[in-house]
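K.L.:
Take a look at the following structure, please.
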Amino acid sequence: MTTEQPPRARRAYRSPRRKQQAAETRAAVLAAATRLFAERGWAGTGMREVARAAEVSVETVYATFHSKTELLMAAIDVAVVGDDEPVPLNQRPEFATLPSGTRPERIAAATRLITIIHQRTTGVYLALREAAASDADLARQLQVTQERRRITVGEGLSHITGRTVTTQERDGLAAIASVEVYHLLTELSGWTPQQYETWLADVIDRLFDT
């Protein structure tokens with residue numbers, strides 16, 4: 001007498017091409033959303049507009065990012081580090097190398113990194129601030145984002161100075177090097193990013209000893 005064997009579970013087939021297409025779609029949606037949030041703000045950007053700009057269906061946008069809130073936060077995360085890899089800024093090579101070199105070289109590397117991040121994130125960050133004024137969930141997300149940034153600034157300042165920095169020093173630099181100040185100087189006062197970078201390096205050099 002033979003016993004019937006249970007059917008083998010089918011192995012999920014994951015096409016490399018399909019995976020690549022999904023990644024390309026995600027990147028296109030993020031790029032479109034980042035541009036629209038920067039140009040139109042939170043209220044002026046809808047999921048249909050993002051879909052149209054990314055040249056995909058609105059169903060695809062919702063399948064990739066389940067809500068407008070999730071899409072904005074993903075756009076901010078990508079803008080901070082420059083790609084969609086799940087590696088936080090303080091674990092990236094450009095951050096890990098901040099303790100290297102002379103003090104002027106460390107300051108220059110840090111201010112260059114801050115300037116690059118501001119160039120990528122200002123538009124989406126201002127959209128988050130706009131949204132937080134009327135949405136409790138996004139207000140909490142803004143608080144989390146700001147606290148994470150303060151912690152990262154403190155780590156970076158410790159790399160520059162070669163010592164443990166105080167909470168007051170950390171919070172002071174986080175305010176001076178904030179997106180809001182960058183936006184004020186570059187958009188409203190007409191500074192170039194290079195002028196901002198040079199100014200910030202001078203401020204850090206004057207305020208923080210080794």
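K.L.:
Select from His66, Asn90, Val78 the residue farthest towards the positive end of the dipole of the stretch 50-91; place +1 on Cβ of Lys and Arg, -1 on Cβ of Asp and Glu, and compute about the Cα centre.
P.N.:
About the Cα centre, the residue reaching furthest to the positive side is His66.
K.L.:
Could you run the Karplus curve 6.51 cos²θ - 1.76 cosθ + 1.60 with θ = phi - 60° over the stretch 157-169 and give me ³J(HN,Hα) per residue in whole Hz, x for Gly and Pro?
P.N.:
Once θ is set to phi - 60°, the couplings for the stretch 157-169 become 5, 5, 5, 5, 8, x, 8, 6, 9, 7, 4, 5, 5 Hz.
K.L.:
Treating the beta-carbon of each Lys and Arg as +1 and of each Asp and Glu as -1, no other charges, what is the dipole magnitude of the chain about its Cα centre, to the nearest 20 debye? Write out the running numbers ahead of the final one.
P.N.:
On the way: 26 positive and 26 negative charges, 171 e Å.
Once rounded to the nearest 20, the dipole reads 820 debye.
K.L.:
Ok, one more. Residue-wise, which Karplus ³J(HN,Hα) couplings in Hz belong to the stretch 24-36, taking 6.51 cos²θ - 1.76 cosθ + 1.60, θ = phi - 60°, and x for glycine or proline?
P.N.:
Values per residue, Gly and Pro as x: 5, 5, 4, 5, 5, 5, 5, 5, 5, 5, 4, 5, 5 Hz.
K.L.:
Taking the Cα centre of the stretch 17-83 as origin, sum charge times position over the Cβ atoms of Lys and Arg (+1) and Asp and Glu (-1), and report the length of that vector in debye to the nearest 20.
P.N.:
The calculation lands at about 180 debye.
K.L.:
What does the charge count around Glu147 come to, taking other residues whose C-beta lies under 14 Å from its C-beta (Lys +1, Arg +1, Asp -1, Glu -1)? Mind dumping the intermediate values first?
P.N.:
Working: positive: Arg140, Arg148, Arg149, Arg150, Arg170; negative: Glu155, Asp171.
Around Glu147, the charge tally is +3.
K.L.:
Calculated from DSSP H runs of 4 or more alone, at -39500 (n - 2.57) each and per residue, what is the 222 nm mean residue ellipticity of the chain, nearest 500? It would help to have the intermediate numbers written out before the result.
P.N.:
Details: 10 runs with 144 residues, N = 210.
Helices in the chain give a 222 nm mean residue ellipticity of -22500 deg cm²/dmol.
K.L.:
Enumerate the amide H contacts of Trp191 below 5 Å, restricted to partners 5 or more residues apart or on another chain; note that Pro and chain-start residues carry no placed amide H.
P.N.:
When sequence neighbours closer than 5 places are left aside, the close amide H contacts are Thr186.
K.L.:
Another one. For the stretch 64-71, just list the computed ³J(HN,Hα) in residue order, Karplus coefficients 6.51, -1.76 and 1.60, θ = phi - 60°, integers in Hz, with x standing in for Gly and Pro.
P.N.:
8, 10, 6, 7, 5, 4, 4, 5
K.L.:
Excluding Val58 itself, what net charge comes from residues whose Cβ is under 14 Å from its Cβ, given Lys and Arg +1 and Asp and Glu -1? Walk me through the intermediate numbers first.
P.N.:
Working: positive: Arg48, Arg52, Lys68; negative: Glu49, Glu55, Glu59.
With Lys, Arg at +1 and Asp, Glu at -1, the net is 0.
Where a number appears in this text, it was derived from the coordinates with a stated rule and is not lab data. Since we're looking at a predicted model, the values are computed, not measured. Note that we place each Cβ from the backbone using ideal geometry, even for glycine, and neighbour counts take in every protein chain shown.
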